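The values are calculated or read from the model by the stated rules, or taken from the named source; none is laboratory data. None of the values given here were measured: they were computed from a predicted structure. Glycine gets a Cβ as well: all are built from the backbone with ideal geometry, and neighbour counts include every protein chain shown. Keep in mind that these areas ignore ligands, DNA and RNA; they rest on the heavy atoms of the full protein, side chains included. Shrake-Rupley method; radii C 1.70, N 1.55, O 1.52, S 1.80 Å.
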Amino acid sequence: MAIAESSRLDAGVEQNMRDFCSTLSEKDRRRFAAIEARQLGYGGIGYMADVLGCSRKTITRGIDELDQLSNDPAVGRIRRSGAGQKKDNAGLGRRAESQFPADDSDGRRSG
């Protein structure tokens, strides 16, 4: 049995959900779909799968992830550990020197 017709979301809301979902990462899309499906209750997984164009298995996986969220090692982290630009203190001096050429003794710049 599917969700009752009165429980369906407005077409504009469905479009907003699709637009928003397209801006999320794959993991966040799964979790967003799972939250929305849970809110709808019985039949919510199938309905959200139709609205967002994903599989029921994807939403079920999102629900499982939400149930394990307290054990997620990435909680509070934006990047994975070790990700991001590496600090290069040795190269900083070379860049600074090339951006600001040395002045000659009479005040004119060399180069």
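Key figures
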quantity: Where a residue in the stretch 41-56 is within 15 Å of residue 21 (Cβ to Cβ) and its partner, wherever it lies, is part of a loop (DSSP other than H, G, I, E, B) and open to solvent by less than 40 Å² (accessible area, probe 1.4 Å), with Cβ under 6 Å and at least six apart; calculated: 47/3
quantity: Those helices (runs of 4 or more DSSP H) lying entirely in the stretch 20-69 with at least 1 residues over 16 Å from residue 8 (Cβ atoms) and among the hydrophobic types (A, V, I, L, M, F, W, C); calculated: 26-40, 56-67
quantity: Subset of the stretch 9-31 (residues that are open to solvent by less than 40 Å² (accessible area, probe 1.4 Å) and of a type outside the set (Lys, Arg)); calculated: 12, 14, 17, 21, 24
quantity: Which listed residue is at positive phi, at pLDDT 90 or above and open to solvent by less than 60 Å² (accessible area, probe 1.4 Å), from 62, 43, 53; calculated: 43
quantity: Residue in the stretch 78-101 that is in contact with a strand residue (DSSP E or B) (Cβ under 9 Å, 6 or more places away or on another chain), at pLDDT below 90, assigned to a loop (DSSP other than H, G, I, E, B) and open to solvent by less than 100 Å² (accessible area, probe 1.4 Å) present; calculated: yes
